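Participant: Before I ask anything, let me first share the structure, which is written out below as structure tokens.
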Amino acid sequence: MQLSITLIIIIITVLVSLGGYNRRKIIDDLIFYPPAVSRQNQWYRFFTCGLIHADYAHLIFNMISLFFLGQYVENELYKLFGEMGKWLYLLMYVSALMISLLPTYLKNKDNYYYRSLGASGAVSAVIFAGLMLVPTIELYIFFIPIPIPGFVFGPLYLIISFYMDRKGGDSINHSAHIWGAIYGLLFIIVASYTVGYPIFQN
């Protein structure tokens, strides 16, 4: 049985996150800390922060979302692009970790009190890539057993994220959610036309 890229990402993320719960040094070494990037050129933090999470709820929420949507998107990209689709999926996930945090970095590069962790930006990219590929896909919000069509879920997600980002005060990086989501949409469009398979072709 061959593991999917999604499952490999989940396994690595869970193992590193669990290690971080037991050793604070792992968190300190991997967390996204803008001054460490701007002052010490520790650019790897854009990516390593996606391997750690604040608590079990944070980890479970992200990994369950990635498990269901990630494998779906991975399979859809494979159908469209063949073996290249799997590599495009991996490229999208890894690059989304950085792209989703760029606005946060520019805003806080000299803020010695700011730290961020979690794979939410990349997971948002995967979710919205799925919405771009199949806008009618039905999604569920935790604890609400009512399916929401993708073309409704997408705008609703962005509106709520924009509102929460402006409101602030909840220690959640909503900016990463927003830019990750936008990046997921754009990645599918650009990748589609780059490899010569427009997803909106007749």
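The values are calculated or read from the model by the stated rules, or taken from the named source; none is laboratory data. Remember, it's a predicted structure, so these values are computed and weren't measured experimentally. Heads up, the Cβs are rebuilt from the backbone with ideal geometry, glycines too, and the neighbour counts pull from every protein chain shown. Protein only, heavy atoms only, side chains kept; ligands, DNA and RNA dropped before computing areas. Shrake-Rupley method; radii C 1.70, N 1.55, O 1.52, S 1.80 Å.
Participant: Can you tell me the orientation of helix 71-81 relative to the chain, as the angle in degrees between its alpha-carbon axis and the longest Cα principal axis, to the nearest 10?
Facilitator: For helix 71-81, the angle is close to 50 degrees.
Participant: In whole percent, how big is the carbon plus sulfur part of the accessible area of the range 50-111, probe 1.4 Å, protein atoms only?
Facilitator: Of the solvent-accessible surface of the range 50-111, carbon and sulfur hold 71 percent.
Participant: Here's something else I'd like to know. Can you work out ³J(HN,Hα) from phi for every residue in the range 176-189, in order, using Karplus 6.51 cos²θ - 1.76 cosθ + 1.60 and θ = phi - 60°, giving whole Hz and x for Gly and Pro?
Facilitator: Computed from phi, the couplings for the range 176-189 are 5, 5, 5, 6, x, 4, 4, 5, x, 4, 5, 4, 5, 5 Hz.
Participant: Place a +1 charge on the Cβ of each Lys and Arg in the chain and a -1 charge on the Cβ of each Asp and Glu, then give the dipole magnitude about the Cα centre in debye, rounded to the nearest 20.
Facilitator: 500 debye
Participant: Now a separate question. For the Cα atoms of the chain, what angle does the longest principal axis make with the long axis of helix 56-65, in degrees from 0 to 90, nearest 10?
Facilitator: 20 degrees
Participant: A follow-up question, please. Can you list the residues, at least 5 places off or on another chain, whose amide H is less than 5 Å from the amide H of L139, using H built in the peptide plane?
Facilitator: HN-HN under 5 Å from L139: I148, G150.
Participant: I would also like to ask the following. So how do 95-108, 8-21 stack up, highest first, on mean other-Cβ count within 10 Å?
Facilitator: Details: 95-108: 19.9, 8-21: 17.1.
Listed from highest to lowest mean packing, they are 95-108, 8-21.
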